[in-house]
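Please treat every number below as a calculation from the coordinates, not as lab data. Just so we're clear, the structure is a prediction, and the values are computed from it rather than from any experiment. Backbone-built Cβ (ideal geometry, glycine too); neighbour counts: all protein chains shown.
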Amino acid sequence: TELFPEEVMQESVIYQKIIQKGHQLGLLEGKREGLLEGKREGLLEGKREGLLEGKQEEGYSIVIRQLTRRFGSVDDQLQQGIKKLSVVQLEELSEALLDFETVTDLTVWLASHQQ
């Protein structure tokens with residue numbers, strides 16, 4: 001005594017369109033949520049990379065200033081080698097250079113710490 005038995009409704013073109021529309025809306029909502037989540041993850045990853053890059057630049061700048069004060073100028077080739085160092089290696093170099101007596105000590109240190 002149902003007004004519209006389920007089997008009859010399922011065969012209805014309008015019923016099928018409603019189901020299809022609901023499915024499409026669900027997909028769109030899922031896609032939207034996925035894009036937002038991806039954007040958030042991308043922003044976080046970008047922020048992490050930016051912070052690491054900033055630390056590397058700061059470490060490089062400090063080491064170059066220390067070496068310049070200690071030995072005068074540092075040639076371009078050595079500067080390029082220093083620029084390739086990781087943040088941890090730059091920290092190690094900033095301590096090691098306190099014991100350097102000549103620029104040759106820097107050259108030897110860099111040669112032994114190439115990535």
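Let me know the number of lysine pairs in region 6-112 closer than 27 Å at the Cα, not counting same-chain pairs under 8 apart.
12
Write out the trypsin sites (Lys or Arg not before Pro) in region 67-115 meeting two conditions: DSSP loop, and at most 15 other Cβ atoms within 10 Å of their Cβ. Don't jump to the answer; show the numbers that get you there.
Numbers: sites: 69, 70, 83, 84; in loops: 84.
Here the trypsin sites (Lys or Arg not before Pro) that fit, given the DSSP loop and packing criteria, are 84.
Quick check: net charge around residue 93, other residues with Cβ under 13 Å of its Cβ, Lys/Arg +1 and Asp/Glu -1? Provide the component values of the computation, followed by the final result.
On the way: positive: 65, 70, 83, 84; negative: 91, 92, 95, 99, 105.
Here the charged neighbours net out to -1.
Count the net charge of all other residues whose Cβ sits under 10 Å from the Cβ of residue 103, scoring Lys and Arg as +1 and Asp and Glu as -1.
Numbers: positive: 70; negative: 75, 101, 105.
Local net charge: -2.
Given an 8 Å cut-off on Cα distances and at least 6 residues of separation, report the relative contact order of the chain as a percent.
Working: 35 pairs, mean separation 23.3, N = 115.
Worked out over the chain, it gives 20 percent.
Based on DSSP loop calls and a cut-off of at most 14 other Cβ atoms within 10 Å, the longest stretch of the chain free of exposed GluC sites (Glu not before Pro) is what?
That would be 3-100.
Please give me, ordered by residue number, the chymotrypsin sites (Phe, Trp or Tyr not before Pro) of region 53-115 that lie in loop per DSSP and have at most 16 other Cβ atoms within 10 Å. Before the final figure, lay out each step's value.
Values: sites: 60, 71, 100, 109; in loops: 100.
Passing both the DSSP loop test and the Cβ count: no residue.
With the dipole of region 6-112 worked out from charges on the C-beta (+1 for Lys and Arg, -1 for Asp and Glu) around the Cα centre, which of 71, 35, 110 lies farthest toward the positive end?
35
Kindly provide log₁₀ I(q)/I(0) values, in the same order as q = 0.19, 0.20, 0.22 Å⁻¹, from the Debye equation applied to equal alpha-carbon scatterers of region 6-112.
-0.92, -0.97, -1.09
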